[in-house]
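A short write-up of the structure that comes next.
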Amino acid sequence: MTITAPDHRRLNLQESVPAQRPSLPTCRLCGTDAYLAFTGFVPASYASDREGLRPSLVSYSCEHCGKHNSHETPENWSPPGWQWYA
Ligand SMILES: [Zn+2]
């Protein structure tokens, strides 16, 4: 029999799961996008497999509370001031 010590960090696992529906980046703790710092953005692209259009993905952190998040975004959305590199 193995006794497993409670790991409080596991409580946050659910929050790190990407949302199923594309949504605009917002810190769920602060309830605002005012403090977000975008750390990554992958534009939507067409895949050659059966998946078709792959939605764009954004990752960001909140500079106010330090919370990180990443999920799909709505079509035609990109982070404000995002720089496109060739
Ligand atoms: Zn926050």
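The values are calculated or read from the model by the stated rules, or taken from the named source; none is laboratory data. Here the structure is a predicted model, which means the values were calculated and not measured. Cβ coordinates were reconstructed from backbone atoms using ideal geometry, including for glycine residues, and neighbour counts include every protein chain displayed.
Kindly indicate whether any position in the stretch 4-18 is within 16 Å of the ligand (Cβ to nearest atom), modelled with pLDDT of 75 or more and under 14 Å from the mean Cα position of the chain (by Cα). Within the stretch 4-18, none of the residues are within 16 Å of the ligand (Cβ to nearest atom), modelled with pLDDT of 75 or more and under 14 Å from the mean Cα position of the chain (by Cα).
Among residues of the stretch 27-50 that are at negative phi, those with a Cβ under 8 angstrom from a residue that is part of a loop (DSSP other than H, G, I, E, B) and among the aromatic types (Phe, Trp, Tyr), sequence gap 6+ or separate chain, pair up as CYS27/TYR35; PHE38/TRP82; PHE41/TRP82.
For the stretch 39-59, the criterion of being surrounded by 10 or more Cβ atoms within 10 Å (Cβ to Cβ), within 11 Å of the ligand (Cβ to nearest atom) and modelled with pLDDT of 95 or more is met by none of the residues.
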